Amino acid sequence: MKYWIFACALAAGGGNAMAATDCPPYTKRTPGGDYTSAEDRDGLTIVEKFHFSRAVETLTQGMTGSLGADISYTLEHFPNHHRALASMAKLGLRLKSAQPPGARYSITCFFERAIGFAPHDVTARMVYGSYLLATGQDATALEQLDAASRLAPEQATIQYNLGLMYVKKKEYEKASAHAQKAYALGFPLPGLKNKLKAAGKWKEPPPAVMEAKEAPAEPAAPPVEQPSGE
């Protein structure tokens, strides 16, 4: 599983005012469509073969022109392409530009088109939240995280990111609640826990209470010990 974690350290730069630009909604193309749809992804290979190689994704070198143009082409066909959205956001942060050279639309527009077309896509909202946080748009980032949490309340990464958001806002009670849920759901990274510890706000969760249940047909199995999480 890939964990989308807020890159707080990227907040410096990238906060330039966005240039005014049109942002038309996405209209499905062939090939193209919903990146999360198995049917729509049938045409993904041809788009990635010529415009979204590993070199483009890592912002090393464009394939047909500028990096912005190749990533833009990918998103014009698959607007909620998670990795392409992340690459476009990273490119904008690197260049301190709201619309990298070669991109047809602004970075914000690409995210708006993705979410407008696929409002159910939790990952697209999470990547957008990360970009918003990196550009200092905390309130809007929280809106996207809250929306993602409503769509997938049992996804550990969302709970973890919400916890980081509330730590930044110094709302430690909310941060702790999200942290407890993230770790209960199995999130592996200790960063949020460490931040709460540093602020003196971390409390170890109470041990799980196991309720005894009668099993008239067969003897009850021995309880399974829960991992300590340390």
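With a threshold of 31 Å on the Cα-Cα distance, the over-threshold entries among K96/K195; K28/K174; K90/K170; K96/K168 are K28/K174. Compute the distance in nm between two label points, each set 7 Å from the Cα along the Cα-to-Cβ direction, one at K174 and one at T140. Each label point lies 7 Å from its Cα, and together they span 1.9 nm. Within region 56-95, what whole-number % of the accessible surface is contributed by carbon and sulfur, with the 1.4 Å probe and all protein chains included in the calculation? Here it works out to 50 percent.
In order along region 193-200, the phi-based Karplus estimate (6.51 cos²θ - 1.76 cosθ + 1.60, θ = phi - 60°) of 3J(HN,Hα) comes to 4, 5, 5, 5, 4, 4, 8, x Hz; Gly and Pro are listed as x. What region 72-164 shows is 32 Å² of accessible area per residue, with the surface traced by a 1.4 Å probe over protein heavy atoms.
Sorting the segments 120-126, 50-56, 31-37 by their residues' average number of neighbouring beta-carbon atoms within 10 angstrom, most packed first, yields 120-126, 31-37, 50-56.
With 0.36 nm allotted per residue and the present C-alpha distance subtracted, the L185-M63 stretch has 39.9 nm of extension available.
The values are calculated or read from the model by the stated rules, or taken from the named source; none is laboratory data. All values reported here derive from a predicted model rather than from experimental measurement. Please note: Cβ atoms are built from the backbone with ideal geometry, for glycine as well, and neighbour counts cover all protein chains shown. Areas reflect the complete protein model, heavy atoms only, side chains present, ligands, DNA and RNA absent. Shrake-Rupley method; radii C 1.70, N 1.55, O 1.52, S 1.80 Å.
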